Every structure is written in C-alpha cells, then in structure tokens.
Amino acid sequence: MTLASRRSPFAPGALLLAPGAGADRDHHTLLAIEEALAPLPVRRMDFPYRKAGRKAPDRAPVAVAAVVEEATAAVGDAGVDPTRLVLGGRSFGGRMCSMAVAEGLPAAGLVLLSYPLHPPGRPEKLRTEHFGLLERPCLFVSGQKDPFASPAELEAAATAIPGPVSFVWLPGGHDPKNADEAIVGAVRDWLATLC
C-alpha cells in the first residue's frame with residue numbers, strides 16, 4: 001500500500017490561493033507558500049477584475065464564480081478528488097473562497113490569511129453571514145493589530161463556524177511585515193493535521 005492510499009480522503013491533494021483586493025496572484029506571501037509546499041500542487045489565481053486591468057474588485061457573485069472555476073481547474077490539473085482541495089488566500093481572496101465553500105464547493109479545508117471580518121473602523125459591518133455553513137476545518141492567520149479584525153473579534157465571530165477552527169496570531173497589521181516564513185510554517189503545520 002502506498003502512502004497516498006493510506007491518507008484520509010480529506011488529506012490535502014492541492015491548494016488554491018486567491019489574492020487580496022489590492023494584489024494579484026504574485027503577492028509575495030502566496031508565492032512563498034507555493035514554493036515552500038512543493039511538491040504539493042498549488043494554484044494561484046487572479047479575479048476577473050484584475051485580469052481585465054481594473055482596480056475595483058468584482059462583486060461577490062462574480063468573484064465566487066471565479067473561485068469555483070479555478071477550483072475545478074486546480075483539481076483537474078492535479079488529478080485529485082475535489083474534496084482534497086484546500087482553498088484560501090489573503091483578505092478578499094480568502095473571504096471569496098470561504099463563501100464558495102459555504103455555497104457548496106467541496107474542500108478539504110480553508111486557509112484564511114488576514115480575513116477581512118469588517119471594514120476598518122466599522123466593526124458593526126460583519127462579513128460573517130456564511131460562517132454557519134463552513135463545515136470544513138478553517139485556519140485563520142492574522143496580524144494582532146489588523147484593522148479588519150482584532151483577535152477578540154475574529155475569535156468571537158468564528159464560534160459560528162461548525163467545522164474545527166485554528167488561529168495563528170502574528171505581530172503586525174493586515175499585511176504583517178517580514179512574516180512570510182511564519183505564515184508558511186503555520187500553513188504547513190495546519191495542513192499536516194488534515195492528513
């Protein structure tokens with residue numbers, strides 16, 4: 001029996017990463033994760049607005065549809081069952097991936113880097129309406145001083161998620177400085193728990 005055949009049916013077979021609203025698929029953190037996780041197949045995506053050269057992010061239905069399309073391509077390219085795909089990314093990208101999973105996209109888990117729980121200075125505008133539908137494991141990695149979500153706010157909001165939730169808090173804000181090594185380590189360690 002090979003190692004692959006002994007793994008859990010939800011063991012990661014591939015990873016799809018989406019960027020934040022102000023970045024593209026070549027964001028330094030996404031590149032660092034891809035490089036560090038080799039040979040795990042990692043696909044980095046861009047949203048339609050970025051491909052079209054626009055700065056304003058797509059509305060959620062368009063962005064979620066793009067995640068579904070990229071997820072389909074990722075599992076096809078990697079030759080893995082859709083339930084073995086881990087999805088996520090930074091800020092807007094991670095949020096759109098979590099919404100796609102909440103709407104029924106199969107996944108082994110979610111990697112949510114700097115999740116934008118609310119707009120800065122507007123904690124009443126929570127972006128959590130889909131949390132109750134997230135039944136897969138979720139990893140949140142965020143800066144301790146992120147204006148989009150304090151540790152206390154994010155931990156409180158995540159109690160609505162029925163799947164297992166893990167948190168890693170880093171020094172810094174929404175794009176923690178010089179933190180790629182720590183982020184990569186957190187993602188690698190968490191992915192190992194899914195096996």
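Throughout, read-outs are computed from the coordinates displayed, never taken from laboratory work. All figures in this text were calculated on a predicted structure; none of them were measured in a lab. Every residue, glycine among them, receives a Cβ derived from its backbone with ideal geometry; neighbour counts consider all protein chains shown.
General remarks:
- Each residue in SER98, SER142 was given a count of other beta-carbon atoms within 10 angstrom of its own, and listing them fewest first yields SER142, SER98.
- For PHE167, PHE140, order by how many other beta-carbon atoms lie within 10 Å, fewest first: PHE167, PHE140
- Relative to the longest principal axis of the Cα atoms of the chain, the long axis of helix 92-102 lies at roughly 60 degrees.
- For the chain, alpha-carbon Rg relative to the globular expectation (2.2 N^0.38 Å, N residues): 0.95
- Between ARG59 and ALA192, the C-beta separation translates, for a Förster distance of 35 Å, into a calculated FRET efficiency of about 0.45.
- Region 111-195 shape via C-alpha gyration tensor axes, a/c threshold 1.5: oblate
- Per-peptide packing, taken as the mean over residues of other Cβ atoms within 10 Å, places 14-22, 118-126, 106-114, 144-152 in the sequence 106-114, 14-22, 144-152, 118-126 from highest down.
- Per-pair calculated FRET efficiency, R0 = 25 Å: LYS125 and ALA160 via Cβ, rounded to 0.05: 0.95
- Think of it as helices only: each DSSP H run of n ≥ 4 in the chain is worth -39500 (n - 2.57), and spread over all residues that comes to -10500 deg cm²/dmol at 222 nm.
- Legend: ranking of residues VAL141, VAL75, VAL67 from fewest to most surrounding C-beta atoms inside 10 Å; resulting order VAL75, VAL67, VAL141.
- Multiplying the residue separation of ASN178 and THR72 by 0.36 nm and subtracting their alpha-carbon distance yields 34.9 nm.
- Orientation-averaged projected area, Cα convex hull of region 1-109 (nm²): 6.6 nm²
- Computed label-point distance, nm, for sites ALA32 and GLU135 using a 7 Å Cα→Cβ extension: 3.5 nm
- Sequence-distant residues sharing a close amide H with GLY172 (under 5 Å, placed H): GLN144, LYS145
- Counting charges near GLY89 (Lys, Arg +1; Asp, Glu -1) among other residues having Cβ under 12 Å from its Cβ returns a value of +1.
- Between 0 and 90°, nearest 10: helix 28-37 axis offset from the chain longest Cα axis: 20 degrees
- Angle in degrees between helix 60-78 and the longest Cα principal axis of the chain, rounded to the nearest 10: 20 degrees
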